[in-house]
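Contents: one structure, followed by commentary.
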Amino acid sequence: VGVDYGGGSSKTAYCMVEHDYKDDMLYVLDSGEFDRSWTPSRIADYLFTLSLKMKQNYLYMCDGARPDSINELKVRFDEPTTWEKAGDISPTEACVYPVNFRQDHKVMLEWTHNLISQGQVAIPDKFDDLIISLRTAWAKEWDLDKEETVNNDHLDALRMALRGVRQEVMVQGGN
């Protein structure tokens, strides 16, 4: 699950992706946004409840620029909140993982583009905000132009969700 916490004028968006190893496809199971009236606590409650509803343990890849929001989610999953930067936590040791978006955004956009262009990501039509975001995405040298891209928070959430997919798994086809 990728979570792009809002700040300033942007909304918080999330995107839940599941990897089907049998057919080596990534399926978007859920995608949505929270308006600015949602608090980090309410968002954490919603995402935790969503995880319980899906009866799965997901890896939550969260924009590391909002440690307060990440810690709210970490508390729901009974994880320590003593981290200081994204590199302090391993995704193999926790289900809530901060991503250094500022540092990794270009690599994540290129990886997302590669997976989509190879037909390895299936997005149901009902996630129109995410689809519109992908159709309007404009980048130069893998740097997304957020002024030109509609619903860019949805694309950011997808990028983080796909960051949780190990490249060697998709290239080699399974574990």
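If the requirement is being at pLDDT 90 or above and in contact with a Gly (Cβ under 9 Å, 6 or more places away or on another chain), which of these qualifies: ARG76, ARG102? It would help to see each step written out before you state the result.
Working: ARG76 fails: in contact with a Gly (Cβ under 9 Å, 6 or more places away or on another chain).
Step by step, each of ARG76, ARG102 is checked, and only ARG102 is at pLDDT 90 or above and in contact with a Gly (Cβ under 9 Å, 6 or more places away or on another chain).
Just checking, does segment 154-167 include any residue being among the small types (Gly, Ala, Ser), farther than 26 Å from SER41 by Cβ and not in a helix (DSSP H, G or I)?
Taking segment 154-167 and keeping what is among the small types (Gly, Ala, Ser), we get 157, 161, 164.
Adding the requirement that they be farther than 26 Å from SER41 by Cβ leaves none.
Checked segment 154-167: no residue is among the small types (Gly, Ala, Ser), farther than 26 Å from SER41 by Cβ and not in a helix (DSSP H, G or I).
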Could you please tell me which pairs satisfy a Cβ distance under 7 Å, a separation of 6+ or placement on different chains, a first residue in segment 21-39 that is charged (D, E, K, R), and a second residue that is open to solvent by 30 Å² or more (accessible area, probe 1.4 Å) and modelled with pLDDT under 90? ASP24/GLY173
Which one of these is of a type in the set (Val, Ile, Thr) and within 27 Å of ASP143 (Cβ to Cβ): THR112, THR49? THR112
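Considering only residues of segment 35-46 that are at pLDDT 95 or above and touching a helix residue (DSSP H, G or I) at 6+ places or on another chain (Cβ under 8 Å), which is nearest to CYS95 (Cα to Cα)?
The first filter runs over segment 35-46 and keeps only residues at pLDDT 95 or above, leaving 41-46.
From the residues that got through so far, the ones that are touching a helix residue (DSSP H, G or I) at 6+ places or on another chain (Cβ under 8 Å) too are 41, 43-45.
On the way: SER41: 17, ILE43: 16, ALA44: 13, ASP45: 15 Å.
Taking the candidates together, the pick is ALA44.
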Name the pairs whose Cβ atoms lie under 7 Å apart, with the first residue in segment 133-152 and in a strand (DSSP E or B), the second open to solvent by 50 Å² or more (accessible area, probe 1.4 Å), and 6 or more positions between them or separate chains? ALA139/ASP145; ASP143/LYS106
If I go through segment 76-93 residue by residue, how many of them are open to solvent by less than 90 Å² (accessible area, probe 1.4 Å), under 18 Å from LEU47 (Cα atoms), out of contact with any Leu (no Cβ under 8 Å at 6 or more places or on another chain) and of a type in the set (D, E, K, R)? 1
Residue count, segment 95-120 (criterion: touching a Phe, Trp or Tyr at 6+ places or on another chain (Cβ under 8 Å) and farther than 14 Å from LEU144 by Cβ): 4
Residue, surrounded by the fewest Cβ atoms within 10 Å (Cβ to Cβ), within segment 94-115, restricted to residues that are free of Cβ contacts under 8 Å to residues at least 60 places away in the same chain, aliphatic (A, V, I, L, M) and closer than 24 Å to PRO80 by Cα: ALA94
Of (1) surrounded by 14 or more Cβ atoms within 10 Å (Cβ to Cβ); (2) in a helix (DSSP H, G or I), LYS53 fails just (1)
Counting only residues that are closer than 17 Å to TYR14 by Cβ and in a helix (DSSP H, G or I), how many does segment 72-102 have? 5
Looking at ILE116, is it over 23 Å from ALA65 (Cα atoms), in a helix (DSSP H, G or I) and touching a Leu at 6+ places or on another chain (Cβ under 9 Å)? yes
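Against the definition (under 17 Å from the mean Cα position of the chain (by Cα), farther than 30 Å from GLY119 by Cβ and assigned to a loop (DSSP other than H, G, I, E, B)), how does ALA44 come out, yes or no? It would help to see each step written out before you state the result.
Working: under 17 Å from the mean Cα position of the chain (by Cα): yes; farther than 30 Å from GLY119 by Cβ: yes; assigned to a loop (DSSP other than H, G, I, E, B): no.
Against the criterion (under 17 Å from the mean Cα position of the chain (by Cα), farther than 30 Å from GLY119 by Cβ and assigned to a loop (DSSP other than H, G, I, E, B)), ALA44 does not qualify.
The values are calculated or read from the model by the stated rules, or taken from the named source; none is laboratory data. In this text the structure is predicted, and so the values were computed from the model without any measurement. Cβ coordinates were reconstructed from backbone atoms using ideal geometry, including for glycine residues, and neighbour counts include every protein chain displayed. Protein only, heavy atoms only, side chains kept; ligands, DNA and RNA dropped before computing areas. Shrake-Rupley method; radii C 1.70, N 1.55, O 1.52, S 1.80 Å.
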